[in-house]
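Participant: Okay, here's the structure, questions in a sec.
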Amino acid sequence: MSNQQIRNIAIIAHVDHGKTTLVDQLLRQSGTFRENEKVTERVMDSNDIERERGITILAKNCAVSWKGTHINIVDTPGHADFGGEVERALSMVDGVVLLIDAVEGPMPQTRFVTKKALALGLKPIVVVNKVDRPGSRPDYVINAAFDLFDKLGATDEQLDFPVVYASGLNGWATLKEGTPGEKWGEDLAPLFDTVLQHVPAHAGDVAAPLQLQISSMDYSTYLGRIGVGRINEGTLKCPMDVVMMAGPDATPVKCRINNVMTFEGLERHQLQPGEEAYPGHIVLVSGIEDIALGVTITDPLNPKPLPMLKVDEPTLTMN
Ligand code: GDP
């Protein structure tokens, strides 16, 4: 897999604007679920706390495949920031999909994440979702999104956003507004294609020293602490001797990665001996006991630490 065949996106949405439903459909239509696999639960809501509160708290990722391109979907909480979690999640992506309800339009909760995405220089794709709903008003929604971006200081390039109309519930999207009441699209292909076209592939040098920043944390009883991050530069193998650095002035700590995984649908694919992960790949690494948010995993001979990522208290690091 080269870095040209990867896209990393975050889907930003106000609660109830349809993120979970849309991600379910993206997974289904990319052939991620086997035919006999019954999806009884909605995928991005698997955490108990979330189910209780009906909101997404912990950043979780999944990946879909479209026309040979691996698309990592990084989840972001839309409602509030927990210890800089939104910024860390956004630091792994090269584009965002902003999902807006076709009746409601942009809501205050969306504004918060959009502001951070724009500040990071990400160019959003606007998806006007639920266009099947009676009272759907896509023109109003697009204008409102434009005004919001403008108020938040968007650049001309960010204001020139692509628009996709969608009904996540019915599993279709289209680039143009059709006649209300008619089915506007066949499937989500126009959305997948827009992502491939408008989200840049991460540009990084495979031959450079490894540079991998840990943007979120996971935990498994078998593997212990797991760091999640996007490879910025270099090539990751497994096992691999590396150093961990808490910023440019920190002392390098020697350690060894003994397990690397990538996201495949809702599953995780374990990197086999001989397999490599490249710039742009979002990976899960384990074997480093003290791995922590914001650190850089880098080359022992030629360490290239990045500045630590912002981590505020309280921080939800494990689930
Ligand atoms: P989330 O909070 O953003 O993850 O939103 P959900 O995916 O849970 O959707 C919230 C509600 O909107 C649910 O009742 C969905 O069935 C409904 N919904 C989601 N997508 C669509 C859509 O495209 N059209 C319509 N009419 N309803 C939708």
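Rule-based calculations on the coordinates, nothing more; no lab input. Remember, predicted model here, so these are calculated numbers, not experimental data. Here the Cβ positions follow ideal geometry from the backbone for every residue, glycine too, while neighbour counts run over all protein chains shown.
Participant: If you project the alpha carbons of the range 101-179 onto the principal axes, what extent comes out on each, in Å, largest first?
Facilitator: Extents along the principal axes: 34, 22, 19 Å.
Participant: So how far apart, in nm, are the two label points at Met107 and Glu157 if each is 7 Å from Cα heading toward Cβ?
Facilitator: 3.2
Participant: Something else now. Amide H to amide H under 5 Å from Gly185: which residues, 5+ apart in sequence or cross-chain, H placed 1.01 Å off N in plane?
Facilitator: Sorted by chain and number, the residues that satisfy this come to none at all.
Participant: Here's something else I'd like to know. If the limit is 24 Å between Cα atoms, which of Lys123/Lys151; Lys19/Lys60; Lys60/Lys254 go over it?
Facilitator: On the way: Lys123/Lys151 15 Å; Lys19/Lys60 13 Å; Lys60/Lys254 28 Å.
Exceeds cut-off: Lys60/Lys254.
Participant: Once the Cβ-Cβ distance between Lys67 and Asp205 is put in as r, and R0 is 22 Å, what FRET efficiency do you end up with, to the nearest 0.05?
Facilitator: Efficiency for this residue pair is about 0.30.
Participant: What's the ranking of 215-224, 278-287, 167-176 by average number of surrounding C-beta atoms within 10 Å, highest first?
Facilitator: Details: 215-224: 15.5, 278-287: 23.8, 167-176: 19.6.
In descending order of packing, they fall as 278-287, 167-176, 215-224.
Participant: Let me ask something additional. Does the range 214-319 come out rounded, prolate or oblate, given a ≥ b ≥ c as the square roots of the eigenvalues of its C-alpha gyration tensor, rounded meaning a/c under 1.5 and, failing that, prolate meaning a/b above b/c? Each step should come with its number before you reach the end.
Facilitator: Values: a/c = 1.58, a/b = 1.11, b/c = 1.43.
Verdict is oblate for the range 214-319.
Participant: Which ³J(HN,Hα) values, rounded to whole Hz and listed in residue order, are derived for the range 152-166 from phi using the Karplus coefficients 6.51, -1.76 and 1.60 in 6.51 cos²θ - 1.76 cosθ + 1.60 with θ = phi - 60°, glycine and proline given as x?
Facilitator: 7, x, 4, 6, 4, 5, 5, 6, 8, 7, x, 10, 10, 9, 8
Participant: Please express the Cα-Cα pair-distance distribution P(r) of the range 82-126 as a list of whole percents, one per 5 Å bin, running from 0 to the bin with the greatest distance.
Facilitator: 5, 21, 32, 24, 12, 5, 1
Participant: Sort 266-277, 251-262, 190-201 by the packing proxy (mean of other Cβ within 10 Å over each peptide's residues), most packed first. Mind showing how you got there, number by number?
Facilitator: Values: 266-277: 14.7, 251-262: 16.8, 190-201: 18.3.
Highest-to-lowest ranking by the protection proxy: 190-201, 251-262, 266-277.
Participant: I want the local charge near Gly171. Using Cβ-Cβ distances under 10 Å, sum +1 for each Lys or Arg and -1 for each Asp or Glu among the other residues. Could the numbers behind the result be given before it?
Facilitator: Working: positive: Arg28; negative: Asp24, Glu186, Asp187.
Neighbour charge sum, excluding Gly171 itself: -2.
Participant: I'd like the Karplus ³J(HN,Hα) series for the range 9-20: coefficients 6.51, -1.76, 1.60, θ = phi - 60°, whole numbers in Hz, and an x wherever there's a Gly or Pro.
Facilitator: With the stated coefficients, the range 9-20 comes to 10, 10, 9, 9, 7, 5, 4, 6, 7, x, 4, 4 Hz.
Participant: Spelling out what I want: for every residue of the range 293-303, take phi, set θ = phi - 60°, compute 6.51 cos²θ - 1.76 cosθ + 1.60 (Karplus), and round to whole Hz; glycine and proline get x.
Facilitator: 4, x, 6, 10, 9, 8, 5, x, 7, 9, x
Participant: Asp187 to Asp249: FRET efficiency via 1/(1 + (r/R0)^6), r the Cβ-Cβ distance, R0 51 Å, to the nearest 0.05? Don't skip to the answer; put the middle values down first.
Facilitator: Details: r = 51 Å, r/R0 = 1.00.
Calculated transfer efficiency: 0.50.
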